[in-house]
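Notes for the one structure printed next.
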Amino acid sequence: MNKKCLLIYYSGTGNTKYVTLKLAPKLEQVGFDVDIYRINPLLMEEINLSKYDVVGIGYPIYGLNVPSKVHKFFKKQQFKKGQRVFIYKNSGETYRVNNSSSLVLRKIIKRKKANLTNEYHFMMPYNIHFRYDESLVKEMLTMDEKLMDILVKEIVDEIPNIKKYTFRNNFCNRVLRLMYIGGPINVSFYKVDKKKCIKCGKCVQGCQMKNIYFNKKGNIKFHHKCLMCCYCTLNCPKDAIKMGLFNSWRVNKPYNFKEIEKIELKSPIITNETKGFFKCYIETYQEINKRYKELFKE
Ligand SMILES: Cc1cc2nc3c(=O)[nH]c(=O)nc-3n(C[C@H](O)[C@H](O)[C@H](O)COP(=O)(O)O)c2cc1C
Ligand code: SF4
Ligand code: SF4
């Protein structure tokens with residue numbers, strides 16, 4: 001009988017969904033029956049984990065942390081004693097300061113007597129801060145594909161892969177947990193440019209928190225339960241939403257991964273000479289290539 005795997009994920013703007021939907025068929029190819037569950041931040045229900053041999057948890061890093069709703073969701077869940085769990089997080093950059101992002105999740109999993117055996121950090125473009133060049137996104141997705149092969153091999157062969165968290169990273173993680181209250185505060189400063197807004201309702205329909213509504217005059221307004229997921233600012237067709245205190249970090253226009261996958265790269269984007277912000281990828285690519293060679297002898 002096939003082993004059963006459940007992938008549970010939260011995604012604000014679709015990047016974690018993208019990783020999850022790529023990962024699931026790869027796990028199926030090696031003989032897992034895979035179910036997928038997307039966390040609905042309004043529902044937060046308890047789900048039945050007992051029939052699964054392995055549980056994978058996917059989330060985007062927010063302020064060096066697990067998003068608050070992912071934290072709350074897993075507080076509610078009951079794992080089987082010794083149940084195998086792996087984490088597949090993703091974020092806009094791979095600086096080491098992000099390493100401890102799962103600190104609270106690790107504690108919950110341990111407290112609930114499940115067994116966290118593997119953790120992987122995927123690279124996806126920023127949905128906040130600044131927009132990534134599509135060629136770089138294409139290269140990152142190619143490296144992510146390799147990392148997925150590593151994940152699948154290690155899960156199927158039961159090879160643990162866990163990084164030790166350092167005191168420094170844990171400290172940064174704790175400080176930036178202030179993000180948990182940052183969203184609801186920042187949303188007080190969200191504004192819609194009435195001249196630009198075409199009242200298409202895309203933001204109203206897409207907000208997972210049902211935080212956006214049309215008032216009686218037909219203008220866009222916000223409640224105060226924002227997760228700062230950036231779905232509305234990324235997807236507004238007129239770039240009409242001003243993101244409060246973080247407005248200078250607003251990114252508009254979603255990434256079209258289907259089109260990006262078709263890009264043919266003529267030469268590497270990240271090289272040993274890469275300087276500045278993207279330097280972190282040199283080490284990440286090297287780590288992935290090294291592990292890939294070890295596992296697949298290529
Ligand atoms: C509020 C917020 C905070 C973020 N904080 C970080 C961070 O600390 N480090 C990082 O590398 N990326 C950060 N990001 C970028 C996201 O992790 C990244 O774009 C992710 O792929 C989004 O996934 P999603 O589309 O599934 O929500 C942040 C994004 C948001 C919206
Ligand atoms: S998505 Fe943009 S244009 Fe459409 S209703 Fe919302 S703010 Fe207006
Ligand atoms: S208001 Fe915008 S940023 Fe806040 S939860 Fe809704 S879609 Fe996300």
- Note on the structure: Computed about the Cα centre, the charge dipole of the chain from +1 Lys/Arg and -1 Asp/Glu charges at the Cβ has a magnitude in debye, to the nearest 20, of 1600
- Placing +1 on each Lys and Arg Cβ and -1 on each Asp and Glu Cβ in segment 214-290, then taking the dipole about the Cα centre, the residue among Thr284, Pro237, Thr274 whose Cα reaches farthest towards the positive end is Pro237
- Task: Mind pulling the angle between the C-alpha long axis of helix 280-296 and the longest principal axis of the chain? Nearest 10 degrees, somewhere in 0 to 90.
- Result: 30
- Query: Mean residue ellipticity at 222 nm from the helices of the chain, using -39,500 (n - 2.57) per DSSP H segment of n ≥ 4 over the full residue count, to the nearest 500 deg cm²/dmol?
  - Reply: -10500 deg cm²/dmol
- Message: I'd like the isolated cysteines in the chain, meaning no second cysteine's beta-carbon lies under 4.7 angstrom from theirs.
- Response: Cys5, Cys172, Cys197, Cys200, Cys207, Cys226, Cys229, Cys230, Cys236, Cys280
- Scoring only Lys, Arg, Asp and Glu (+1, +1, -1, -1) among other residues with Cβ under 14 Å from the Cβ of Lys225 yields +4
- How many angstrom lie between the C-alpha centres of segment 121-175 and segment 200-251? 28
- Among Lys153/Lys290; Lys89/Lys238; Lys72/Lys107; Lys76/Lys113; Lys194/Lys238; Lys196/Lys242, the pairs whose Cα-Cα distance exceeds 20 Å are Lys89/Lys238
- Are there chymotrypsin sites (Phe, Trp or Tyr not before Pro) in segment 108-160 that DSSP marks as loop and that have at most 14 other Cβ atoms within 10 Å, and which are they? Phe130
- Message: With +1 on the Cβ of every Lys and Arg and -1 on the Cβ of every Asp and Glu, and nothing else charged, how large is the dipole of segment 181-249 about its Cα centre, in debye rounded to the nearest 20?
- Response: 360
- What GluC sites (Glu not before Pro) does segment 130-188 have in DSSP loop regions with at most 13 other beta carbons within 10 Å? Glu158
- Burial ranking of peptide ranges 213-220, 103-110, 163-170 (average Cβ count within 10 Å, highest at the top): 103-110, 163-170, 213-220
- What is the fewest-to-most order of His71, His121, His223 by other Cβ atoms lying within 10 Å of their Cβ? His223, His71, His121
- Could you please rank Tyr18, Tyr190, Tyr59, placing first whichever residue has the fewest other Cβ atoms within 10 Å of its Cβ? Tyr18, Tyr190, Tyr59
- Note on the structure: Contour minus Cα-Cα span, Ile185 to Asn252, at 0.36 nm per residue, comes to 22.0 nm
- Task: Give me the net charge of Arg96's neighbourhood, meaning all other residues with Cβ under 13 Å from the Cβ of Arg96; Lys, Arg count +1, Asp, Glu -1.
- Result: +1
- Item | Rounded Å value of the spacing that divides the Cα centres of segment 1-62 and segment 275-298 | 25
- Message: Under 12 Å between alpha carbons, and skipping anything fewer than 8 positions from Lys266 in its own chain: which aspartates and glutamates qualify?
- Response: Glu139
- Task: Between Glu158 and Ser267, take the C-beta separation as r, use R0 = 41 Å, and let me know the FRET efficiency to the nearest 0.05.
- Result: 0.60
- Task: Kindly provide the GluC sites (Glu not before Pro) of segment 185-288 that DSSP labels as loop, not H, G, I, E or B, and whose Cβ sees at most 12 other Cβ atoms within 10 Å.
- Result: Glu264, Glu273
- The farthest towards the positive end of the charge dipole of the chain, of the residues Ser91, His223, Leu49, given +1 on Cβ of Lys and Arg and -1 on Cβ of Asp and Glu, is His223
- Message: Quick check: from the Cα gyration tensor, does segment 172-273 come out rounded (a/c under 1.5), prolate or oblate?
- Response: oblate
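Read the figures in this text as sums done on the coordinates, not as results from a lab. If you're wondering where the values come from, they're calculated on a predicted model, not measured in any experiment. Note that we place each Cβ from the backbone using ideal geometry, even for glycine, and neighbour counts take in every protein chain shown.
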